[in-house]
Amino acid sequence: MKKNDIKNRDDVFLLVSSFYKKIRKDHLLGPFFNETIQDWDEHLERLTTFWESNLFFKTKYSGNPLEAHVKVDKKFNHSINQEHFGNWLNLWFQTIDELFIGENAENAKSRARKMSTFFYLKIFESRNS
């Protein structure tokens, strides 16, 4: 299969939906997502919009992903740690590498790396407030 770069919403949806198939089966991350997400179709559409906005700046994402992650951490007794974010990032990179190659694919990795660091620090910070 010849790989191309991430070019449009359909590509972003393929990435997001493929990634979350892995997440849902993952022994470490699956419980967080499977016990939290009630409507997977809606969640995949929301995250497609989120990543489309981050990669192409042509859609507007309305939501607060940091707040959502802080709530999940609280729901799971503040048990989210660096291993969770590392595993999330590894699955994201793996999914991108399986499906795409190019500048936008690398940008999706870079943005995910920055977001995971930011979210982890903010979740940890929220535990002390």
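No value in this document is a laboratory result; all are computed from the given coordinates. Computed from a prediction, not measured in an experiment: that's the story for all the values here. So basically every Cβ, Gly included, is an ideal-geometry build from the backbone, and we count neighbours across all protein chains shown.
What to note about this one:
- Residues that are over 23 Å from Glu83 (Cβ atoms) and either aromatic (Phe, Trp, Tyr) or free of Cβ contacts under 8 Å to residues at least 24 places away in the same chain (or both), drawn from the stretch 9-42: Asp10, Phe13, Gln38, Asp39, Trp40, Asp41, Glu42
- Residues in the stretch 72-129 that are closer than 25 Å to Phe13 by Cα and basic (Lys, Arg): Lys109, Arg111, Arg113, Lys114.
- Those residues of the stretch 43-80 which are of a type outside the set (D, E, K, R), more than 15 Å from Val16 (Cβ to Cβ) and without any contact (Cβ under 8 Å) to a residue 24 or more places away in the chain, in sequence order: Phe57, Ser62, Asn64, Ala68, Asn77, Ser79
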